[in-house]
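Structure, as structure tokens:
The values are calculated or read from the model by the stated rules, or taken from the named source; none is laboratory data. Source: prediction; values computed, not measured. Neighbour counts run over all protein chains shown; Cβ positions are idealised from the backbone, glycine included.
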Ligand SMILES: Cc1cc2nc3c(=O)[nH]c(=O)nc-3n(C[C@H](O)[C@H](O)[C@H](O)COP(=O)(O)OP(=O)(O)OC[C@H]3O[C@@H](n4cnc5c(N)ncnc54)[C@H](O)[C@@H]3O)c2cc1C
């Protein structure tokens, strides 16, 4: 894969990472964003998409998803590439003074500045505790996808009892492509919307989906190292054998600080200490904004992250454009900012 050259890389596309990209756009700093999730919005999109937020300045109320959409609309004029579904794994300083970063999907960046907006960490799928499962990941064990056509004619087991598990079961049941479809869950109680639960109960009643209660305790592997079955401990203290071609664990996501701890940056209780005039970390050129940073008086609020991102962008502009004086310009009146925002020629408010 070709190496991507940029002036700024934002690690994390939560609300603060997205607003960081906006401020960098205003400062004319070329920017790419990366997020481990398959969609932007961080905690807002992942943990409370439909819940109301009441403390965004000027927005009396908006949901987590609406805030994400508004932030995406705000950065749209800058056309900054957003690389989703991949976690930044490594960060190192190059001989030329720039930073090299690599994702677990093999993307490589060379950048003058790095903005860590990693929040509470990368959201990664919770995995069943089964010895030897890793060997089958991406082959027969899928934490995201695959679509129903890839599972045509297969015996499929979906694990979990929350929205994501029920969504997967319903999608596959409605496609009618699997040879058999089993939902494996500890109990017969689900944590999902009443409508979704009603649809799954209907699928169970028709016999199109089978519910198995229990916890997986082991794997059975056949010729060629192929996963052939799960051993499941049932509530009746027996072990049931569950033959399968594909296993889809849908046990939710959990945030993991992950590789960030190995990037050689000073840390305090798993957070990155920063200077409050620039939001720079211990490494010149690396900034930390939002929930991932710490300083006296820090509050983990979105609006505090927006302030941090603004000052960090000014500091980065001075590094990326040393030849220019970084002046304060108002979006209301600056012709240059209007040009960047694509509103040049619009009537003044
Ligand atoms: C239920 C709930 C309600 C809340 N309500 C409010 C509220 O009303 N008002 C308010 O101000 N705040 C609220 N908050 C807090 C607010 O959501 C956080 O302060 C905010 O999300 C922090 O934004 P962030 O961008 O710093 O981090 P996050 O939203 O955590 O986003 C970080 C992103 O970085 C990604 N990431 C991490 N590491 C990597 C890596 N190595 N590679 C690639 N991607 C990575 C993650 O996948 C994630 O998407 C609430 C939080 C919760 C849980």
| request: May I ask you to list the residues in the stretch 121-136 that are away from the ligand (no atom under 14 Å from the Cβ) and either part of a strand (DSSP E or B) or free of Cβ contacts under 8 Å to residues at least 60 places away in the same chain (or both)? | output: 129, 134
| field | Tally, over the stretch 289-320, of residues that are under 20 Å from residue 111 (Cα atoms) and either under 22 Å from the mean Cα position of the chain (by Cα) or surrounded by 15 or more Cβ atoms within 10 Å (Cβ to Cβ) (or both) | value | 12
| query | Got a sec? Which strands (runs of 3 or more DSSP E) wholly within the stretch 210-328 have at least 1 residues that are more than 15 Å from residue 184 (Cα to Cα) and within 16 Å of the ligand (Cβ to nearest atom)? | reply | 253-256, 286-288
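Need at least 2 residues that are within 13 Å of the ligand (Cβ to nearest atom) and modelled with pLDDT under 95 per element, so show me which helices (runs of 4 or more DSSP H) inside the stretch 1-101 make the cut, counting only ones lying wholly within it.
Working: elements: 15-26, 42-46, 64-75.
Per the criteria, 42-46.
Is it the case that residue 285 is surrounded by 17 or more Cβ atoms within 10 Å (Cβ to Cβ) and either within 17 Å of residue 306 (Cα to Cα) or in the same structural domain as residue 11 (by TED's automatic domain parsing) (or both)? Spell out the reasoning first.
Details: surrounded by 17 or more Cβ atoms within 10 Å (Cβ to Cβ): yes; either within 17 Å of residue 306 (Cα to Cα) or in the same structural domain as residue 11 (by TED's automatic domain parsing) (or both): yes.
For residue 285, the condition - surrounded by 17 or more Cβ atoms within 10 Å (Cβ to Cβ) and either within 17 Å of residue 306 (Cα to Cα) or in the same structural domain as residue 11 (by TED's automatic domain parsing) (or both) - is met.
Check 118, 105 and return the single one that is closer than 21 Å to residue 24 by Cβ, within 13 Å of the ligand (Cβ to nearest atom) and in a loop (DSSP other than H, G, I, E, B). Write out each step before concluding.
On the way: 105 fails: closer than 21 Å to residue 24 by Cβ.
Exactly one of 118, 105 is closer than 21 Å to residue 24 by Cβ, within 13 Å of the ligand (Cβ to nearest atom) and in a loop (DSSP other than H, G, I, E, B), namely 118.
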| Tally, over the stretch 188-241, of residues that are closer than 20 Å to residue 148 by Cβ and touching a residue at least 60 places away in the same chain (Cβ under 8 Å) | 1
